[in-house]
Amino acid sequence: MNATRYLWNGASLLRSFVSGGISHVNVQITNRCNMRCGFCTFPDRAVAPRDELELADWKRVAKTLARAGSVVCSIEGGEPLLRADAPAIVEAFAEHHFPWFYTNGWFVTEAVARDLWRAGAVEIGVSIDYATREKHDESRRLAGAFEHAVTAIRTLSATAPRGGRQVHVLSILLHDNLDELEPLLELSRSLGVRHMLTFLSTYGIYRSGRAQQPPREKVAGRILALKKRFPHLAIFKSYVEGIDRFLDGRPPPCGAGLHAMNIDHLGRVSPCIELAHIDAANIAREPWFDVKRKLAAVEEPRTCERCWTLCRGSSEAMCGRPRLGDWKDFVTEFVL
């Protein structure tokens, strides 16, 4: 993404933050995956490649979404690199938006990494939930998952325009990996990349509790203490503090459908990925005005208290009830 486009899109994103409009969109370009994580049902619901939106459709979706202004688009799956045209989809979104790309790392090669960066990926995250090969591979139901993820991180960091600053490990907070947080942070620090955390949700059609459950103990104090020792941990302080409030049954009102939304592999729009069973509109076929109106009319998120994932917490921090500290965290952790 060239500097002029980056600044123009940045000004548009800032307007979305200030106005409280849509600023974050999760985009599943496929629900196919080569792994079988215990907390996910994407592979159980996979469709044939011919049934997914094509590249031309995604180009149209990106332009339609631009009517909302520039947004942060988390392009993911399933495993998005099962699509050979994934870099081209990133390029389509990069014209108007800020594409973040999420992968399990299995299919990352040097050529793929360079294609993703050239396409305009702003940030790329690789999922690692356990600090040891054995535990991560067992969780992902695929031998070699850990080594592929670590190799992918090294490759992405080596090819990124700004190096490791544009790459991060994403770890899901689970009932059995809280004691792994410190070694996980040591791992990402040794790789020279950043680290992000998200709370597990087991609600919704894509979530499963077959293997892991979310932690039930207070973790905010532990995470904030780790942040002091590991500055490369990129977090909103308000998000971390919100984890304990969520566990106490006191989450803030949800802004899904108002500040954030979800688009699946067929173009179906829902307020968030946890509410993907709600088919509010189809952005591949409908104009933005209709999509926005139908999303805003969905009442369920206003009373929903079933998750506290990073996509919810970050959009709430920036648009729902912004504090000075949230803006500081955004600039220092995610921009500079």
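Counting only Cα, what are the radius of gyration and maximum Cα-Cα distance Dmax of the range 114-230, in Å?
For the range 114-230, the Cα-based Rg and Dmax read 14.8, 42 Å.
For the chain, what's the radius of gyration and Dmax over Cα atoms, in angstrom?
Taking only Cα atoms of the chain, I get Rg and Dmax of 18.3, 49 Å.
At 222 nm, what helix-only mean residue ellipticity would the chain give, in deg cm²/dmol to the nearest 500, using -39500 (n - 2.57) for each DSSP H run of four or more?
The per-residue figure over the chain is -11000 deg cm²/dmol.
Ranked by Cβ crowding within 10 angstrom, fewest neighbours first, how are Val47, Val112 ordered?
Values: Val47 12, Val112 19.
Lowest to highest Cβ neighbour count: Val47, Val112.
Using a Förster radius of 35 Å, what is the FRET efficiency between Ala211 and Thr109 based on their Cβ-Cβ separation? Nearest 0.05, please. Display every interim value, and only then the final one.
Numbers: r = 29 Å, r/R0 = 0.83.
The value I calculate is 0.75.
Compute, for the chain, the length of the dipole vector about the Cα centre, with Cβ point charges of +1 (Lys, Arg) and -1 (Asp, Glu) only. Units Debye, rounded to 20. Display every interim value, and only then the final one.
Working: 44 positive and 39 negative charges, 150 e Å.
Here the chain has a charge dipole of around 720 debye.
Please compute the net charge surrounding Leu181, taking Lys and Arg as +1 and Asp and Glu as -1 over other residues with Cβ under 15 Å from its Cβ.
It works out to a net charge of +1.
Write down the percent of antiparallel bridges among all DSSP beta bridges whose residues are both part of the chain, to the nearest 5. Intermediate values should be presented prior to the final figure.
Working: 5 of 34 bridges.
Taking every DSSP beta bridge with both residues in the chain, the antiparallel ones total about 15 percent.
How high is the relative contact order of the chain, in percent, with contacts defined as C-alpha pairs under 8 Å that are six or more residues apart? If you can, show how the numbers build up before the last one.
Details: 673 pairs, mean separation 62.9, N = 336.
So the answer I get is 19 percent.
Counting other beta carbons within 10 Å of each residue's own, what order do Asp51, Asp264 fall into, fewest first? Don't skip to the end; give the middle numbers.
On the way: Asp51 9, Asp264 22.
Fewest-to-most Cβ neighbours within 10 Å comes out as Asp51, Asp264.
Taking the Cα centre of the range 131-172 as the origin, how large is its charge dipole in debye, to the nearest 20, when only Lys and Arg (+1) and Asp and Glu (-1) carry charge on their Cβ atoms?
Details: 7 positive and 4 negative charges, 42 e Å.
So the dipole magnitude of the range 131-172 works out to roughly 200 debye.
For Cys307, Cys33, which order do you get if you count the other beta carbons within 10 Å of each Cβ and list the fewest first?
Numbers: Cys307 25, Cys33 21.
So the residues, fewest neighbours to most, are Cys33, Cys307.
Every number here is computed from the coordinates shown, using simple stated rules; none is lab data. Because the structure is a prediction, the values reported are computed rather than measured. Because the Cβ atoms are built from the backbone with ideal geometry, glycine has one as well, and the counts that use them run over all protein chains shown.
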